[in-house]
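Data block below; observations after.
The values are calculated or read from the model by the stated rules, or taken from the named source; none is laboratory data. From a predicted model like this one, the values you see are computed outputs, not experimental measurements. Here the Cβ positions follow ideal geometry from the backbone for every residue, glycine too, while neighbour counts run over all protein chains shown. Note: accessible area is taken over every heavy atom of the protein model, side chains too, but ligands, DNA and RNA are not part of it. Shrake-Rupley method; radii C 1.70, N 1.55, O 1.52, S 1.80 Å.
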Amino acid sequence: KSHEVTLGVYNVRTNSKKFLTIEGDKEQYLTAVTWSPDSKYIFVGVLNRAQNHLKMNQYDASTGSLVKTLFEEKSDKYVEPQHSLLFFPNSNTDFIWQSQRTGYNHLFHYNLEKGLVGQLTKGDWLVTDVLGFNEKKKEIYFASTKETPLERHLYRVNWSNLKMERLDDASGMHSGILSKDGNWLYDVYSNASTPRVANIINTANLKSQNLLTSENTLKNYQRPEIKTVELKADDGTVLYGKLILPTDFNPNKK
């Protein structure tokens, strides 16, 4: 038998619990569960068993009753809610929702009263991680595949004018940690010739200070030649791969 899930709120002080009144199929999924910053509401992405229809519902945390449905997402294939709501700094009304409704994971700005305010990022690429905010400058920091699916780079977008900017300048797989005020970005990356580099970036002027550059511990060893290859699927989708040749590779031998 499939799981039947309910969602309850436990009050530590009164030793009492209240279950949210969530209607629908008992075998549906309850996803992307999020508290509002003021703790008055709980948001639940109610996803049907076929996983192709999502309702983002707002519930009263004290009574468990439905306040309203904020929006719905439908797909002829499936809806894939993977992230909870991310509220803007010092706001109980505005939040970011990550959605693949365009075919790629992007950031959407919602308001509890107005609904969809706008799409913050667009394009044939994925937002892979949201790093945080700089509230004073109205900036959201994130990682994405914008340059190429083979790499990750760090960016920021202004949620007011939608101006977007890349923050790192080296090829490779970048991951970032943003300071709480958004003034400093810790950037760690590696690539085919770089084991590990850690920099701290001043987000005001984008000046970078190196904290660590790891030595290549394999530099005295024989290393194989690695070739990047691209293949195409039947529908034209590009598939990326690596061809790793042995160190004693002889192209004339089978």
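Couple of notes before you dig in:
- For Leu30, the requirement of being out of contact with any helix residue (DSSP H, G or I) (no Cβ under 9 Å at 6 or more places or on another chain) and closer than 21 Å to Lys114 by Cβ is not met.
- If the condition is being of a type outside the set (A, V, I, L, M, F, W, C) and open to solvent by 50 Å² or more (accessible area, probe 1.4 Å), then region 24-41 contributes Gly24, Asp25, Lys26, Glu27, Tyr29, Pro37, Asp38, Ser39, Lys40, Tyr41.
- For first residues located in region 153-170 and without any contact (Cβ under 8 Å) to a residue 12 or more places away in the chain, partners that are open to solvent by 80 Å² or more (accessible area, probe 1.4 Å) and lie 6+ apart or on another chain with Cβ distances below 9 Å form the pairs Asn161/Lys138.
- Verdict on Leu126 being under 13 Å from the mean Cα position of the chain (by Cα), without any contact (Cβ under 8 Å) to a residue 24 or more places away in the chain and either surrounded by 16 or more Cβ atoms within 10 Å (Cβ to Cβ) or more than 20 Å from Lys180 (Cα to Cα) (or both): yes
- Per-region count, region 206-240, residues assigned to a strand (DSSP E or B) and either open to solvent by 60 Å² or more (accessible area, probe 1.4 Å) or at pLDDT 95 or above (or both): 16
- Pairs where the first residue, in region 62-78, is surrounded by 11 or more Cβ atoms within 10 Å (Cβ to Cβ) and the second is acidic (Asp, Glu), C-beta under 6 Å, 6+ apart: Val67/Asp60
- Gly132 being farther than 30 Å from Ser16 by Cα, surrounded by fewer than 17 Cβ atoms within 10 Å (Cβ to Cβ) and among the small types (Gly, Ala, Ser): no
- Condition check for Ser144: within 14 Å of the chain's Cα centre (by Cα) and more than 18 Å from Leu85 (Cβ to Cβ): yes
- Val44 of a type in the set (Val, Ile, Thr), open to solvent by less than 40 Å² (accessible area, probe 1.4 Å), farther than 20 Å from Asp94 by Cα and at pLDDT 95 or above: no
- Residues of region 153-205 classified as among the small types (Gly, Ala, Ser), open to solvent by less than 40 Å² (accessible area, probe 1.4 Å) and part of a loop (DSSP other than H, G, I, E, B), total: 4
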